[in-house]
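Encoded as structure tokens, the structure appears first; notes follow it.
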Amino acid sequence: MESFPVINMRDLEGEERCATMELIANACENWGFFELLNHGIEHELMDEVERMTKEHYKKCMEKRFIEFADMTLDDPDTENIDWESTFFLRHLPTSNLSEIPDLSDDYRKMMKEFAVKLEKVAEGLLELLCENLGLEKRYLKNAFHGSKGPTFGTKVSNYPPCPRPDLIKGLRAHTDAGGLILLFQDDQVSGLQLLKDGHWLDVPPLRHSIVINLGDQLEVITNGRYKSVMHRVVSQSNGDGRMSIASFYNPGSDAVIYPAPELVEMVAGKSSEVYPRFVFEDYMKLYVEQKFKAKEPRFEAMKASF
């Protein structure tokens, strides 16, 4: 079994660039996931984001989660419940940071700074993917643009210890609907797993790393060359719980998504199987209903709707 792909971004600056680009290409084609080291976000900032996120959970969210947990454990339908405490931040096209209750001014400032740096990492990665795919440098960023630019938001999650991890997942298996996902996860507590070749594999928690995974939209634009991958969070029964900050760099709501013409192979004068063309907002409406189901029926439904 191959080891989980870890990309050192510093290697793009020297003689290892070609080999590193090949590692990224292999990760996109065969894993749908990879982990970035030396991505340009200061370790001190990441440490502060982690500290403030855990403090915020303890101060403002833990009591509410305990009340939810008490009710959940009595629910016979636990397979449709996620053992997570979350809140959502929107950064682009407009920010809602000032509207989120209970956040301290320092925490708001820190998350805004963190989001700006993550956006830069995301856009740099999209350019690297274009290079590997043989597309114009800004092709993916332009494909995500729509009339108001991309959408970019963050899901801040805590996964407290669960007394019955055999019954309740931290987060049920799914693929992500959007474009490029950047995850800052707890480096002390594991739990994130991806499905590869029929087996669930752990995504290793590495200190100061950013985990990258590809969403459904990149599978469509690359006409299946890159694929989104099922993943889940497994509940843990001990410890202090797990922190996860997932930022989603997605197309604008009115962006029209379709396979890049250069990536639609021609076989004997006929196109190979071509992914659908659709408006991202329409896909999201379907995804909300079918998030924890296979992605293929969603693609088929979009073929019939456009």
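Just so you know, all these numbers are worked out from the coordinates, no wet-lab data involved. Treat the numbers as computed from the prediction; the structure is a model and nothing was measured. Cβ atoms come from the backbone with ideal geometry, glycine included; neighbour counts cover every protein chain shown.
One table, with the values for the structure above:
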quantity	calculated
Selected from Cys162, Cys28, Cys18 as most flexible by GNM, with the chain as the system and alpha-carbon contacts under 10 Å	Cys18
Residues in segment 172-191 that a label on Gln290 would reach, taking backbone N under 16 Å of a point 7 Å out along Cα→Cβ	174-178
Positive-end extreme of charge dipole, the chain - chosen from Pro93, Pro205, Cys162 (charges on Cβ)	Pro93
Neighbourhood net charge (14 Å Cβ-Cβ; Lys/Arg +1, Asp/Glu -1) for Gly32	-2
Full-extension gain in nm, Lys148 to Ile81, via 0.36 nm per residue minus C-alpha separation	20.7 nm
Using a Förster distance of 41 Å, the FRET efficiency for Ile66-Glu265 (Cβ separation, nearest 0.05)	0.15
Net charge of neighbours whose Cβ lies under 11 Å from the Cβ of Asp282, counting Lys and Arg as +1 and Asp and Glu as -1	+1
Full-extension gain in nm, Val256 to Lys137, via 0.36 nm per residue minus C-alpha separation	40.9 nm
Segment 81-100 residues near the modelled Lys59 label - backbone nitrogen below 17 Å, point 7 Å along Cα→Cβ	87, 98-100
Estimated 222 nm signal from helices in the chain, with DSSP H stretches of n ≥ 4 weighted -39500 (n - 2.57), rounded to 500	-10500 deg cm²/dmol
Candidates Leu167, Leu36, Leu192, ranked by Gaussian network fluctuation over the chain, Cα under 10 Å, top entry	Leu167
Sparse-neighbourhood loop sites, trypsin sites (Lys or Arg not before Pro) in segment 132-228 - DSSP loop, at most 12 other Cβ within 10 angstrom	Lys137, Arg207
Residues Trp83, Trp31, sorted so that the one with the fewest Cβ neighbours within 10 Å comes first	Trp31, Trp83
Identified option (computed Rg and Dmax of the Cα atoms in Å; candidates (1) 18.4, 57; (2) 19.4, 63; (3) 18.2, 53)	(2)
The chain - charge dipole about Cα centre, Lys and Arg +1 at Cβ, Asp and Glu -1, debye rounded to 20	620
Folded to 0 to 90 degrees: helix 62-72 orientation relative to the chain principal axis, Cα	80
Within the chain, longest stretch free of exposed GluC sites (Glu not before Pro) [DSSP loop, at most 15 other beta carbons within 10 Å]	137-264
Calculated FRET efficiency for the pair Ser98/Leu195, C-beta based, R₀ 51 Å, to 0.05	0.85
